[in-house]
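Novice: Quick one: structure below, then a few questions.
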Amino acid sequence: MNIEINKITDAGSLENERIIFKVLLDDELGFYGAFKTKKTGTTTVSSSIKATYWFPDRQIKKGDLVVLYSKSGVNTERKNKDATTTHFFYWGLSSASWNSPEDSVV
């Protein structure tokens, strides 16, 4: 994969919670989705998916960040001083999604 999950930030707060992905190589973001599931062990997750977000088609470059907020909003992007781009997306959920230590994203 050319994108890695960096971290989930501000879990439990619908207004602020988000997943941050780091782009490792140039790619097409529309090939990727985010899936909410539960951890079943220290390195394993359940195959039962609780929610899905499929990213829209967009070219992404090595070094870019992709930020997926749980709340509703309008997709935007911001050019950074280091010539990378931060892409902002919104899942459109009505409540905070990352409320438990067992919650996981793949």
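Novice: So which residues in the stretch 26-48 are among the aliphatic types (A, V, I, L, M) and at pLDDT below 90?
Specialist: VAL45 - this is the single residue of the stretch 26-48 that is among the aliphatic types (A, V, I, L, M) and at pLDDT below 90.
Novice: Right, here's the next one. Only one of (1) among the polar types (S, T, N, Q); (2) surrounded by 11 or more Cβ atoms within 10 Å (Cβ to Cβ); (3) farther than 13 Å from ALA34 by Cα fails for SER104. Which number is that?
Specialist: The one condition SER104 does not meet is (3).
Novice: Could you check the stretch 54-71 and list, in sequence order, the residues that are over 20 Å from PHE31 (Cα atoms) and either acidic (Asp, Glu) or open to solvent by 70 Å² or more (accessible area, probe 1.4 Å) (or both)?
Specialist: Answer for the stretch 54-71, where residues must be over 20 Å from PHE31 (Cα atoms) and either acidic (Asp, Glu) or open to solvent by 70 Å² or more (accessible area, probe 1.4 Å) (or both): there is none.
Novice: So SER94 passes all but one of these: (1) touching an Asp or Glu at 6+ places or on another chain (Cβ under 8 Å); (2) surrounded by fewer than 16 Cβ atoms within 10 Å (Cβ to Cβ). Which condition number does it fail?
Specialist: Against the list (1) touching an Asp or Glu at 6+ places or on another chain (Cβ under 8 Å); (2) surrounded by fewer than 16 Cβ atoms within 10 Å (Cβ to Cβ), SER94 comes up short only on (1).
Novice: Can you find, within the stretch 72-91, the residue that is least open to solvent (accessible area, probe 1.4 Å) among those that are assigned to a loop (DSSP other than H, G, I, E, B) and touching a Phe, Trp or Tyr at 6+ places or on another chain (Cβ under 6 Å)?
Specialist: Here the residue is TRP91.
Quick grid of which residues meet (1) assigned to a loop (DSSP other than H, G, I, E, B); (2) among the aliphatic types (A, V, I, L, M); (3) touching a strand residue (DSSP E or B) at 6+ places or on another chain (Cβ under 6 Å); (4) open to solvent by 80 Å² or more (accessible area, probe 1.4 Å):
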position	(1), (2), (3), (4)
SER13	yes, no, no, no
ASN16	yes, no, no, no
ILE19	no, yes, yes, no
LEU25	yes, yes, no, yes
GLY30	no, no, no, no
PHE35	no, no, yes, no
GLY41	yes, no, no, no
SER48	yes, no, no, no
THR52	no, no, yes, no
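The values are calculated or read from the model by the stated rules, or taken from the named source; none is laboratory data. Treat the numbers as computed from the prediction; the structure is a model and nothing was measured. Methodologically, a virtual Cβ is constructed for each residue, glycine included, from the backbone with ideal geometry; neighbour enumeration extends over all protein chains shown. Remember, those area values only see protein heavy atoms, side chains included, never the ligands or the DNA or RNA. Shrake-Rupley method; radii C 1.70, N 1.55, O 1.52, S 1.80 Å.
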